[in-house]
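Trainee: Could you have a look at this structure, given as structure tokens, before my questions?
No value in this document is a laboratory result; all are computed from the given coordinates. Owing to the predicted nature of the structure, the values given are computational and were not obtained by experimental measurement. All Cβ positions, glycine included, derive from the backbone under ideal geometry; neighbour counts span all protein chains shown.
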Amino acid sequence: MSSISISDLSVSYGSGIQVIDHLDLEIAEGSFFTLLGPSGCGKTTLLRVIAGFVQPSAGRLCFGAIDMTRLPAHQRGIGMVFQDYALFPDKTVFDNVAYGLRARKTDPTTIQRKVGEYLERVGMQGFEDRYPPALSGGQRQRVALARALVIEPRVLLMDEPLSNLDSKLRLQIRTAIADLQRDIGITTVFVTHDQEEALALSDQIALMRQGRIAQLGSPQEIYQRPASTYVADFIGAANLLQGEILDGSTEAGGLTIRVAGQALQALAQALPPDGLGCLIARPENIQLLTADGPLGNSLPGQVRRKQYLGHKTTYNIELADQQQLAVDCFGPARREFAEGQTVRLQFDPQTSQVVPR
Ligand SMILES: Nc1ncnc2c1ncn2[C@@H]1O[C@H](COP(=O)(O)OP(=O)(O)O)[C@@H](O)[C@H]1O
Ligand SMILES: [Mg+2]
């Protein structure tokens with residue numbers, strides 16, 4: 001087991017375009033670390049650099065204190081799981097899982113014991129003699145996990161392992177991966193474009209954008225304290241309201257921003273240099289009140305659309321300056337508002353964030 005550290009790493013596939021662009025990253029030993037981002041942002045490339053399948057054009061990769069940058073893939077001690085399972089179709093489940101141990105010249109008694117142990121860990125004991133084509137997608141991915149883990153690698157790398165599964169199986173295998181990782185305590189790098197998977201599984205998330213890290217943090221930090229409109233927009237639903245900063249010195253981390261002609265208190269991590277800010281507020285963090293409700297930290301608006309969704313009602317509200325936003329109301333006793341009704345929107349200064357536009 002190993003920590004992973006990446007410093008000043010760049011990759012270009014000969015085209016001159018930096019697919020990974022001077023990237024620095026520290027992944028703690030034993031943690032579940034997720035590379036998250038849209039298609040094409042460089043997640044798979046970064047994972048393949050860690051695995052040793054892609055050579056960086058510059059920079060350094062270490063497992064613990066050991067420099068891995070030039071070490072061939074088979075000497076790195078990695079276990080890898082792919083979206084398409086990549087099992088040998090003409091080998092039995094047993095032989096698929098035993099493959100890495102045989103390549104390492106492990107003795108047959110140990111192979112027997114370890115393959116049994118890891119098939120049991122992934123809930124696939126009894127399937128030793130089956131062939132992959134006779135297994136469901138979820139079963140194949142369990143076998144692929146056992147095959148990756150049986151060699152007791154330093155790090156486990158997974159590239160979109162849930163993407164080929166239907167939604168019910170995806171949830172089952174997700175839970176199995178979380179349990180296994182916790183039991184074994186192996187340093188894990190997980191690649192996904194799915195924000196919910198990332199939030200549910202990770203100790204730390206690196207949200208990537210065009211070969212760089214847009215934000216690094218725990219799921220809570222990334223969701224509750226997005227550092228940019230890109231992050232807020234990618235993770236969860238967010239209202240992005242344009243405003244002008246009035247006072248950046250109210251108190252530690254707080255400021256006043258004018259949105260639709262009204263002053264609102266909010267938090268800020270860094271002051272936008274041009275005085276133009278964007279207020280980020282999650283739909284569930286805005287209180288919807290009647291027009292005669294309290295004025296503190298609020299804006300007037302009008303209900304344009306109401307969608308009753310059972311566990312919540314979503315209102316689309318228009319502000320005085322035509323900016324639109326969504327507000328979610330939860331709970332069995334929630335108050336109902338009508339389309340066309342004038343309302344007040346109250347913003348919580350502790351959950352509203354100002355970032356540069
Ligand atoms: N073997 C390759 N040769 C040239 N360009 C590549 C190669 N693999 C990936 N790319 C390019 O690198 C960028 C990042 O790709 P990738 O790492 O696969 O992103 P992701 O996994 O986030 O979807 C994309 O623009 C992709 O087209
Ligand atoms: Mg990919």
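Trainee: Among DSSP beta bridges whose residues both lie in the stretch 4-224, state the antiparallel percentage, nearest 5.
Mentor: For the stretch 4-224, the DSSP antiparallel bridge percentage is about 50.
Trainee: Could you give the length gained by full extension between Ala73 and Glu339, i.e. 0.36 nm per residue of separation minus their alpha carbon distance, to one decimal place?
Mentor: Values: separation 266, 0.36 × 266 = 95.76 nm, distance 6.03 nm.
The span from Ala73 to Glu339 would gain 89.7 nm if fully extended.
Trainee: Take the chain, connect every pair of alpha-carbon atoms lying under 10 Å apart with a spring to form a Gaussian network, then pick out the residue of Glu152, Glu120, Glu29 with the largest mean-square fluctuation.
Mentor: Among Glu152, Glu120, Glu29, the largest mean-square fluctuation in the Gaussian network model of the chain belongs to Glu120.
Trainee: How many times 2.2 N^0.38 Å is the alpha carbon radius of gyration of the stretch 193-295? Spell out each step's value before the answer.
Mentor: Numbers: Rg = 15.3 Å, N = 103, 2.2 N^0.38 = 12.8 Å.
Taking N as the residue count of the stretch 193-295, the ratio is 1.19.
Trainee: Just the Kirkwood number for the stretch 1-80, please: inverse of mean 1/r across all distinct Cα pairs, in Å, one decimal. Mind showing how you got there, number by number?
Mentor: On the way: mean 1/r = 0.0775 Å⁻¹.
Hydrodynamic radius (Kirkwood, Cα pairs) of the stretch 1-80 is 12.9 Å.
Trainee: I would also like to ask the following. Using only C-alpha atoms and all pairs of different ones, pull out the Kirkwood radius for the stretch 290-346 in Å with one decimal.
Mentor: For the stretch 290-346, inverting the mean 1/r across all distinct Cα pairs yields 11.6 Å.
Trainee: How big, on average over all directions, is the shadow cast by the Cα convex hull of the stretch 201-240, in nm²?
Mentor: 2.8 nm²
Trainee: In addition: Note the angle between two axes, namely the Cα long axis of helix 167-184 and the longest principal axis of the Cα atoms of the chain, as a number of degrees from 0 to 90, rounded to the nearest 10.
Mentor: 70 degrees
Trainee: May I have the pair-distance distribution P(r) for the chain, computed from all Cα-Cα distances with 20 Å bins from 0 and rounded to whole percent?
Mentor: Calculated over all Cα pairs of the chain, the distribution is 26, 45, 25, 4 percent.
Trainee: Then there is this: How large is the Kirkwood hydrodynamic radius of the stretch 111-235, counting all unique pairs of alpha carbons, in Å? Each step should come with its number before you reach the end.
Mentor: Working: mean 1/r = 0.0628 Å⁻¹.
Hydrodynamic radius (Kirkwood, Cα only) of the stretch 111-235 equals 15.9 Å.
Trainee: Take the eigenvalues of the Cα gyration tensor for the stretch 171-210, scale each by 5, and report the square roots as semi-axes in whole Å, largest first.
Mentor: For the stretch 171-210, the ellipsoid semi-axes come out as 19, 12, 7 Å.
Trainee: What FRET efficiency do you get for Arg212 and Met1 if R0 is 25 Å and r is their Cβ-Cβ distance, rounded to the nearest 0.05?
Mentor: Step by step, r from the Cβ atoms, then E = 0.35.
Trainee: Lysines near Lys114 by alpha-carbon distance under 26 Å, same-chain residues fewer than 8 away left out - which ones?
Mentor: In chain and number order, the partners are Lys91, Lys105.
Trainee: What would the Debye formula give as log10 I(q)/I(0) at q = 0.12 Å⁻¹ for the alpha-carbon point model of the stretch 238-356, no solvent?
Mentor: Debye curve over Cα of the stretch 238-356, log10 I(q)/I(0) at q = 0.12 Å⁻¹: -0.41.
Trainee: Show that you can apply the helix-only estimate: for the chain, add -39,500 (n - 2.57) for every DSSP H stretch of four or more residues, divide by all residues, and state [θ] at 222 nm to the nearest 500.
Mentor: Computed mean residue ellipticity for the chain: -7000 deg cm²/dmol.
Trainee: Within the stretch 1-28, find all residues whose amide N lies under 20 Å from a label point positioned 7 Å from the Cα of Glu117 along Cα-to-beta-carbon.
Mentor: Correct set: 1-2.
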